[in-house]
Amino acid sequence: MLLVLSEEHKEHLAFLPKVDTAVAAEFGRIAVEFLKKGTSPKIYEGAARKLNFPVETVQHGVEGLMFLLTESAKLMISEVDFQDSVLVLGFSEELNQVLLQLYLQHCSQIRSILSLLPPHPPAYCNLEWRLDVLLASRSLRQQVVPMVTMKLLLSTGGGNHSVRVVQTDPATLQHLITTLEAALASMKTNHARRILRNIK
Amino acid sequence: MTFGIPLESLQSTGRRFRFCGDLDCPDWVLAEISTLAKISSVKMKLLCAQVLRDLLGEGIDYDKVAKLTADAKFESGDIKASVAVLSFIFCSAAKHDVDSESLSSELQQLGLPKEHTMGLCKSYEDKHSALQDKLRETSLRLGRLESVSWRVDYTLGSSELREVNEPTVQLKLQAQGAESCSTETTVVSISADKFRVLLTELKQAQAMMNALQ
């Protein structure tokens with residue numbers, strides 16, 4: 001499947017053939033770093049000064065590269081399709097190869113970064129528990145009531161954590177364990193296995 | 001050449017280990033035990049000392065650890081794995097209150113050489129109760145009370161009544177929130193009668209706690 005680049009995108013990328021291929025490759029490396037760690041405007045200013053280009057042009061060029069890489073990785077386009085899509089820009093063969101190598105080397109990394117973007121429901125992170133026995137309270141002495149207190153640590157996306165404290169008696173805990181074991185066992189049914197086999 | 005690791009233990013054992021809480025030994029522990037066997041037994045004892053310092057909250061000196069494992073040419077992954085497996089062994093053995101002889105025999109069954117096992121178990125024995133105290137301290141506690149401060153006031157009068165003449169206690173409790181990790185402050189003011197009731201009830205609870213110790 002071919003990537004269709006908008007006119008604006010093509011304009012931004014038109015900056016690349018104006019510099020040496022080596023410099024373009026460097027911009028490619030910067031684009032990937034930015035995708036991994038976030039942008040840093042100082043780099044745009046430094047590069048613009050050295051190359052004698054307006055800062056905006058450099059910024060658009062790098063952003064154009066970043067978008068090209070994320071769109072290609074998102075659609076997981078093949079080598080041939082990537083080359084055909086880039087052909088439209090009319091770059092030199094050397095530059096096309098540089099872009100292709102950049103894409104191929106970093107495709108899976110970019111995909112794993114992109115997979116972090118959609119919202120996630122809170123996910124299990126950690127569980128602490130304690131087993132107590134209630135012996136007496138203000139209203140009633142001489143009791144024996146076992147209870148399990150659990151502190152569930154959940155991670156909502158972006159490194160945030162939320163905490164839930166729950167308390168239960170051993171019978172409910174046993175029921176909880178049985179239900180969860182049944183859920184785990186359902187992964188081993190023929191139906192589940194057939195589906196998993198068909199997902200590559 | 002099996003480097004002293006019995007062939008049986010290289011397969012999934014299905015055997016129960018006391019230091020793993022009467023469960024199977026995790027595969028990664030089995031794998032990293034053979035990594036541990038690569039350093040000398042003297043260095044192993046020093047590594048155990050560093051790991052125990054970390055578990056007891058005294059901090060670990062990673063530079064020292066790197067030096068200890070340099071001879072065996074450990075990569076950073078190996079260093080982390082060794083620290084992790086030693087932490088697991090110490091914590092798990094302390095958690096299940098395993099004595100040092102059983103630990104020694106179980107670790108040798110898993111293929112840790114005799115000299116290394118002896119070093120490890122000696123360190124374990126020395127720090128066994130300190131480790132259990134630390135684990136007890138870090139056990140789940142909700143809303144831990146951090147401090148109490150009080151003062152007694154005497155109300156002379158108010159906008160409702162010209163002469164009130166009553167003592168009150170102001171109590172400030174600082175506790176760790178049950179669900180949040182930050183300190184929560186509660187301030188209450190208590191009349192003399194209510195305070196007497198509170199004090200009596202708390203003394204009864206204290207008597208019950210003392211009877212249990």
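The values are calculated or read from the model by the stated rules, or taken from the named source; none is laboratory data. Quick caveat: nothing in here was measured; it's all calculated off a predicted structure. Cβ: placed from backbone, ideal geometry, glycine included. Neighbour counts: every protein chain shown. When the accessible area is computed, the model is the full protein with side chains, heavy atoms only, and any ligands, DNA or RNA have been set aside. Shrake-Rupley method; radii C 1.70, N 1.55, O 1.52, S 1.80 Å.
Here are a few things to note about the model shown:
- Pairing residues of region A:106-129 that are open to solvent by 70 Å² or more (accessible area, probe 1.4 Å) with residues that are of a type in the set (Gly, Ala, Ser), at Cβ distances under 6 Å and at least 6 apart in sequence or on separate chains, gives A:ARG111/A:ALA73; A:HIS120/A:GLY157.
- Residue that is nearest to the other protein chains (Cβ to nearest Cβ), among those in region B:125-140 that are open to solvent by 80 Å² or more (accessible area, probe 1.4 Å) and touching a residue at least 12 places away in the same chain (Cβ under 8 Å): B:LYS127
- Scope region A:131-165; condition exposed (fewer than 13 other Cβ atoms within 10 Å of the Cβ) and under 31 Å from the mean Cα position of the chain (by Cα); matching residues: A:GLY158, A:GLY159, A:ASN160, A:HIS161, A:ARG164
- Qualifying position, being without any contact (Cβ under 8 Å) to a residue 60 or more places away in the chain and in contact with a Pro (Cβ under 8 Å, 6 or more places away or on another chain), among A:ALA73, A:ALA48: A:ALA48
- Flag for A:LYS37 being among the basic types (Lys, Arg), open to solvent by 30 Å² or more (accessible area, probe 1.4 Å) and more than 30 Å from A:GLY157 (Cβ to Cβ): no
- Within the set B:SER82, B:SER105, the sole residue that is assigned to a helix (DSSP H, G or I), more than 19 Å from B:ASP22 (Cβ to Cβ) and among the hydroxyl-bearing types (Ser, Thr, Tyr) turns out to be B:SER82.
- Flag not set for B:LYS122, criterion: open to solvent by 40 Å² or more (accessible area, probe 1.4 Å), more than 14 Å from every other protein chain (Cβ to nearest Cβ) and within 26 Å of A:MET150 (Cα to Cα).
- Within the option set A:LEU173, A:LEU135, being under 26 Å from B:GLU179 (Cβ atoms), among the aliphatic types (A, V, I, L, M) and within 11 Å of another protein chain (Cβ to nearest Cβ) holds for one residue only, A:LEU135.
- All of B:THR185, B:THR168 fail the test of being β-branched (Val, Ile, Thr), within 29 Å of the chain's Cα centre (by Cα) and either more than 23 Å from A:LEU140 (Cα to Cα) or not in a helix (DSSP H, G or I) (or both), apart from B:THR185.
- Here A:VAL62, A:VAL32, A:VAL58, A:VAL80 are screened, and the one residue that is at pLDDT 85 or above, surrounded by fewer than 12 Cβ atoms within 10 Å (Cβ to Cβ) and not in a loop (DSSP other than H, G, I, E, B) is A:VAL80.
- Residue ranges of helices (runs of 4 or more DSSP H) in region B:1-75 with at least 3 members basic (Lys, Arg) and at pLDDT 80 or above: B:41-55
- A:PHE91 meets the conditions (1) over 15 Å from A:HIS9 (Cβ atoms); (2) part of a loop (DSSP other than H, G, I, E, B); (3) in contact (Cβ under 8 Å) with a residue 12 or more places away in the chain in every case but one. The failed one is (1).
- Among the residues making up region B:177-193, those that are open to solvent by 70 Å² or more (accessible area, probe 1.4 Å) and either among the aromatic types (Phe, Trp, Tyr) or within 14 Å of chain A (Cβ to nearest Cβ) (or both) are B:GLU179, B:CYS181, B:GLU184.
- Checking A:ALA123, A:ALA182, A:ALA136 one by one, the residue that is hydrophobic (A, V, I, L, M, F, W, C) and within 30 Å of B:ALA211 (Cα to Cα) is A:ALA136 and no other.
- Check on B:ALA207, closer than 26 Å to A:ARG141 by Cα, among the small types (Gly, Ala, Ser), within 14 Å of another protein chain (Cβ to nearest Cβ) and not in a loop (DSSP other than H, G, I, E, B): yes
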